[in-house]
Amino acid sequence: MAVLPDSDRLRIYRGLMRYWSSLREGVSGILKTDLKAAVDAADQWVEDNSVSYNNALPATFRTNATASQKSILLVAVVLMRFNLDMLKRIFGEVD
Amino acid sequence: MATRFVLTPNSAEFPASAFPQLTLINRRPTLAFDASTQETCYWSFLAPQGLTGTKTAVISYIMASATSGTVEFEVAVEAITDADATDLDAADSFATVNASGAITVPGTAGYIDQVSVTLTNDDGISAGDYVRLSVSRDADDVTNDTATGDLYLLNVEFRDGA
């Protein structure tokens, strides 16, 4: 899979600003260009490391799960580490 | 210098699309201007008798989250005089916008900043005119509007030179 088109990266960039504005929270000391560059870098990192992530998964799961299922697994682990409230909004409950 | 009007979020008028959201921040009415889409709102009033001199719009705002960077406002005036050939039910006739230039946001989100925009292009406004004031955040200006997140407009003071 290629990196996201810039239109989709901009959707993330706009969405992050609206989400953080709604929380009255942001990343201190950055400009819009810094945020867009971070979105670009994160997408590039996913692109560069997707094979590595896939290979890290146990073979049975790797061969049977879809790309969408593997992606939500990664998102869930990252959110459990750093943003439990967001994970609860996706899963309904995390018990 | 005299205050002629204080224009509040609750009295704002909105175009059909690309307008700031009327919302409450800590129970204070505000207009939330997006950081990436240029949004606009209006206020209508009748130009008061005795209006004179340089007109100025003083915009009070806070940032939702940004602590660095700049914002830019664009303020335009539409002044319609009795018997002017302007079809109000079909057209707008705003004069050229007056831009604030890049305004550095407060270093703490939620701290107020007040920006004075001189209305050099005032559409020849005079007493008795039917007036609309247009206010935008120039969010798609990558040079002058660099601050992230929403801008909450608190009010606009309309001054003249009296």
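Laboratory data are not the source of any read-out in this text; all were calculated from the coordinates shown. Predicted model, so just to flag it, every value in this text is computed and none were measured. Here Cβ is always computed from backbone atoms with ideal geometry, including for glycine, and neighbour counts include all displayed protein chains.
Each residue of the range B:97-108 was assigned a 3J(HN,Hα) from its phi angle through the Karplus expression (A = 6.51, B = -1.76, C = 1.60, θ = phi - 60°), giving 5, 10, 9, 6, x, 6, 10, 5, 6, x, x, 10 Hz with x at Gly and Pro.
Put in order of Cβ neighbour count within 10 Å, fewest first, the listed residues B:ILE125, A:ILE12 become A:ILE12, B:ILE125.
Ranked by how many other Cβ atoms sit within 10 Å of their own Cβ, fewest first, the residues B:TYR61, B:TYR152 fall in the order B:TYR61, B:TYR152. Amide H contacts of B:PHE73 (H built 1.01 Å from N, in plane; Pro and chain starts excluded): B:SER100, B:GLY101, B:ASP138 sit under 5 Å, all sequence-distant by 5 or more or on other chains. Taking max minus min of the alpha-carbon positions on each principal axis, the protein assembly as shown gives extents of 82, 35, 32 Å, largest first.
Computed from Cα positions, the angle between helix A:6-22 and the longest principal axis of chain A comes to roughly 60 degrees.
Just counting partner chain Cβ atoms within 10 Å, what average do the residues of peptide A:8-18 show around their Cβ? Please report the intermediate quantities before stating the final value.
Working: counts 0, 0, 1, 0, 0, 3, 4, 1, 3, 11, 7.
Per residue, the average neighbour count from other chains is 3.
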